[in-house]
Amino acid sequence: QVQLVESGGGLVQAGGSLRLSCVASGSTSGIVAMGWYRQAPGKQRELVAKTNNGGFTNYADSVKGRFTCSRDNVKNTVYLQMNSLKPEDTAVYYCNARWRYFSGRYYENDSWGEGTQVTVSS
């Protein structure tokens, strides 16, 4: 099992910056990818950014050039640096970890943080 704890959300004005952090604990050696999703009121949860163990990172088109997802494997922590924030970025941001375990064969599961609110005002 993998547990995730997020921090760093808050209220900022448009054009400002925030840095989110997510610390993983438990069976961290089984993690194969970590990333961030977000969900605005009345909308479906969407991918923001994710990075695999090889260091490749995918970004949603809406955040490319503004957000940076990075990972510290020693600290078992993933970060989301958000710059040039827009009101459209307002959402609850969730940390995600895809991890595998062996029970006769390998299985893959997802763990999720509780979410942290990001609000961008005009």
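The values are calculated or read from the model by the stated rules, or taken from the named source; none is laboratory data. Remember, predicted model here, so these are calculated numbers, not experimental data. Note that we place each Cβ from the backbone using ideal geometry, even for glycine, and neighbour counts take in every protein chain shown. The accessibility values were calculated without ligands, DNA or RNA, using every heavy atom of the protein model including side chains. Shrake-Rupley method; radii C 1.70, N 1.55, O 1.52, S 1.80 Å.
A Förster radius of 30 Å combined with the Cβ-Cβ distance from S121 to A60 puts the calculated FRET efficiency at roughly 0.90. Extension gain for S84-V5 works out to 26.0 nm (0.36 nm per residue, less the C-alpha to C-alpha distance). If R0 equals 22 Å, the separation of the Cβ atoms of E114 and Q44 corresponds to a calculated FRET efficiency of about 0.75.
What does the net charge come to around M82 if you take all other residues with beta carbon closer than 9 Å to its beta carbon, with K and R at +1 and D and E at -1? Here the charged neighbours net out to +1.
Electrostatic tally near T51: other residues with Cβ closer than 13 Å to its Cβ, Lys and Arg +1, Asp and Glu -1, net +2. In whole percent, and with a 1.4 Å probe on the protein chains, what portion of the accessible area of the chain is carbon and sulfur? With neighbouring chains kept in place, the figure for the chain is 46 percent. As a calculated quantity, the FRET efficiency between S27 and K75 at R0 = 25 Å, using C-beta atoms, amounts to about 0.95. With protein chains left intact and a 1.4 Å probe, residues in the chain average 55 Å² of accessible area per residue. For chymotrypsin sites (Phe, Trp or Tyr not before Pro), the sites in the range 39-116 that DSSP calls loop and that have at most 16 other Cβ atoms within 10 Å are F56.
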